[in-house]
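A short write-up of the structure that comes next.
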Amino acid sequence: MKKLLLAAMLAPLFTQAQWNVNLFGGFANYFGDLQSSPYTTQQAHLAFGAGIQYDLNPHFSLLSNLTYGKVGASDAYSTKADLRARNLSFLTNIGEWNLLAEYNLLDLRSHKITPYVFAGVAVYHFNPYAYDSTGKKVYLRPLSTEGEGLPQYPNSKPYALTQLAIPFGGGIKFRVSDRITLAYEIGLRKLFTDYLDDVSGRYADEATLLAAKGPEAVEMAYRGNEIKGGSGYPPAGTVRGDPKRKDWYYMSGLRVTIALNNSAAVAHRRNKGILDCPKKVY
């Protein structure tokens, strides 16, 4: 009896609500110590995702998505000579799960196009790596390139690879049909770490890093000696990054929303006499 009562209570939620599937494809990039442009497609990588959407009403929706992308950058592309001389680079895959609230400025049941905004919370995982001078893939966090976790640097703690972020952004939607909506959006992620790129503060002492983590750590901490005319390892305490400016990543692209239950939208448009297709005449 309790199960029947629960089913009766939940039935309107699934029969009257507007449930949708979202599919996303585009590119991902980042803003940080190796990429000074707040928004650029330079050195961008592909991103894609999928999720579900529940429309509370024609303006407000709740979304949950799984998204995967890759970000990276190299000093070799910098416009600043001192950064090109540093010669650092990184890549990282990013897996993200988010919960978002979304607001449409216009009712798509009676409009073809509407701007929209969204914001929420996300959990993401990253693990920065680079390729050494021989082409070998090297994960950077275990090397403590800035002395993270070493007793000589008690104020520099190892960074977590799974963290929280605040996603927000917006875009514009176009109603293709009563069941399909196409959107272009830009979504930013405010992070609480400066180590997405494994660069944040100052250079650790070369001898200390060598003794604690080995020659590979020294090699990946500073790579200016790999380029023509490059200098040797900088003195301990030399500025390596900017810890006051946290890293960001962002994703831009197309989102396709497919309605699983659109009877309410069709009924609304029929009552208003604004269905896209004329009624069949027999």
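The values are calculated or read from the model by the stated rules, or taken from the named source; none is laboratory data. Nothing here was measured: the structure is a model prediction, and the numbers come from that model. Neighbour counts are summed over all protein chains in view; Cβ atoms, including those assigned to glycine, are modelled from backbone coordinates with ideal geometry. Areas reflect the complete protein model, heavy atoms only, side chains present, ligands, DNA and RNA absent. Shrake-Rupley method; radii C 1.70, N 1.55, O 1.52, S 1.80 Å.
Some points to look at:
- Rounded tilt (10° steps) of 2-15 against the dominant C-alpha axis of the chain: 90 degrees
- Label-to-label distance, Ile227 versus Val239, with points set 7 angstrom from Cα along the beta-carbon direction: 1.8 nm.
- For the chain, the solvent-accessible area of protein heavy atoms averages 53 Å² per residue (probe radius 1.4 Å; ligands and nucleic acids excluded).
- Anisotropy class of the range 20-101 from Cα gyration tensor, a/c 1.5 cut: prolate
- Placing one equal scatterer on every Cα of the chain and applying the Debye formula, the log10 ratio I(q)/I(0) at q = 0.12 Å⁻¹ is -0.80.
- Folded to 0 to 90 degrees: helix 263-272 orientation relative to the chain principal axis, Cα: 60 degrees
- Leu161 paired with Val121, simple spin-label distance in nm, labels 7 Å along Cα-to-beta-carbon: 2.4 nm
- Using the rule -39500 (n - 2.57) for each DSSP H run of four or more residues, divided by the residues of the chain, the 222 nm mean residue ellipticity is -4500 deg cm²/dmol.
- With a cut-off of 15 Å between beta carbons, the residues surrounding Pro215 carry a summed charge of -3, where Lys and Arg count +1 and Asp and Glu -1.
- Partner aspartates and glutamates for Lys246 [C-alpha distance under 13 Å; skip if fewer than 8 residues away on the same chain]: Asp33, Asp194, Asp197, Asp198
- Accessible area, probe 1.4 Å, largest first, for residues Lys173, Lys137: Lys137, Lys173
- Around Phe60: net Lys/Arg minus Asp/Glu count, Cβ-Cβ under 13 Å: -3
- Taking only protein heavy atoms and a 1.4 Å probe, the accessible area of the chain is 65% carbon and sulfur.
- Candidates Gly147, Gly120, Gly229, ranked by Gaussian network fluctuation over the chain, Cα under 10 Å, top entry: Gly229
- Gaussian network model of the chain, Cα within-10 Å springs - most flexible of Phe27, Phe60, Phe48: Phe60
- Separation of the alpha carbons by more than 23 angstrom is noted, of Lys157/Lys190; Lys80/Lys213; Lys190/Lys213; Lys80/Lys244, for Lys80/Lys213; Lys190/Lys213.
- A Gaussian network model of the chain, with springs between Cα atoms under 10 Å, assigns the largest mean-square fluctuation among Gly69, Gly253, Gly149 to Gly149.
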